[in-house]
Structure formats: C-alpha cells, structure tokens
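Asker: Input: one structure, supplied below.
Coordinate-derived values only; no laboratory data. What you see is a predicted model; the values in this text were computed from it and never measured. Cβ atoms come from the backbone with ideal geometry, glycine included; neighbour counts cover every protein chain shown.
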Amino acid sequence: MGRILTAFRVFFAALFSGAVATRLQQALTESELPATKIQPAAPQAIATSIPAPRPSKQNAAVTLLATLQRESRLVDFIQEDLSGYSDDQVGAAVREIHRESGAVLKRLFEISPILTDAEGATVAVPAGFDAARYRLTGTLIGNAPFQGTLRHHGWEITRCEIPEFIGGDSAATTIMPAEVEVH
C-alpha cells in the first residue's frame, strides 16, 4: 500500500512542479541521483474571493465495487447473462473470481466470525444481546438468554482500509472506464 501512495504523491508532485518533474526525469534516466535537495516552493497567498476547489468524493461502496471490478471483474460476472454457458464454464469463471475477490477483501478488510463455534453447535444468546450481531429465528418464548442451534457464525470487520479517493467528479461514480482499442 505504501508504494501506491508514494506513486500518487510522485505523480501529483511532478504534475504541479516543474522542478520536481525535472528531478524525477533525471532520476529515471541516470544511474546516480544528483546530491541537491528539492526545496518546496514557498506557499503563495490565495485570494479570499476565489473559493477553494471542492475535492471530489467517492462513496466507499463505489470504491470497493470499483476495486472488485478492477481486480476480479466481479461486476462483469454479475452483469453477464449466464444462460448460454455450461456449468463447467461458469464454474471455471467463478473459481477465478472467487480467488481474486477474496484477495481484495483480505487486502482491504480483516473479516472475522462473530461466533467461533461450529455451525450446528448449541450456543447461548446472552441477555441484552445486540440485535445487529444476532438474528434469532424460530419460536421465541420469554426473554434472553436463549439457547439455540448456530446456523451461521456471522461476520464482522475488525479492520477496514479502503483507499482514499483522489479522482475528479466523473470518476467518483465510475466503477470501470470504458475500454476502447484504437485502430
């Protein structure tokens, strides 16, 4: 993740500073870097009558969806009409999408089970339980604590590292750009 952030910083530094762009060009073409140090330009006063540009925002869900599309083609798969494909063809595609989507989730999130008991085990739901963490089914009589059979252990996120969006307004809603091969 550090290299990606560095690449973005280098890109924007070169875009907005000729001196930085020149030094980067030298660094890319020469085997030894010059010994001089780049001094950032002195900040210039901004007229108060000109409003500062509003940074574009991208919803974190769009960022996640764009990442899943870019790295595993999940949206392409979901949007595809699978009725013309054999089960073997669909299975082969699912295996790759499953692996690549899993890699995205592991990189961006730490996902852990809420309950560590095996499915089918008898578990206790404590008094004062959080309804967001437990979904109770079956016949409820009385008040918690309840005993029941674990049907799904549930999932929770203990770490979330969705990258910060730095694009423009049109990119804020773009999951994947149109790809055009020019002839």
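Asker: Testing the spin-label approximation: label points 7 Å from Cα along Cα→Cβ at Glu164 and Ala131. State their distance in nm.
Answerer: The two pseudo-label positions are separated by 3.7 nm.
Asker: Under Stokes-Einstein, with the Kirkwood radius over Cα pairs standing in for Rh, what whole-number D in µm²/s applies to segment 43-183 at 10 °C and 1.306 mPa s?
Answerer: Working: Rh = 19.9 Å.
It comes out at roughly 80 µm²/s.
Asker: How much length is gained on full extension from Asp117 to Val62, taking 0.36 nm per residue of separation minus their Cα-Cα distance? Don't skip to the answer; put the middle values down first.
Answerer: Working: separation 55, 0.36 × 55 = 19.80 nm, distance 3.35 nm.
Roughly 16.4 nm would be gained on extension.
Asker: Could I ask something else about it? Starting from the Cα of Glu181, step 7 Å along the direction of its Cβ; do the same at Ala27; then give the gap between the two resulting points in nm.
Answerer: Distance between label points: 3.6 nm.
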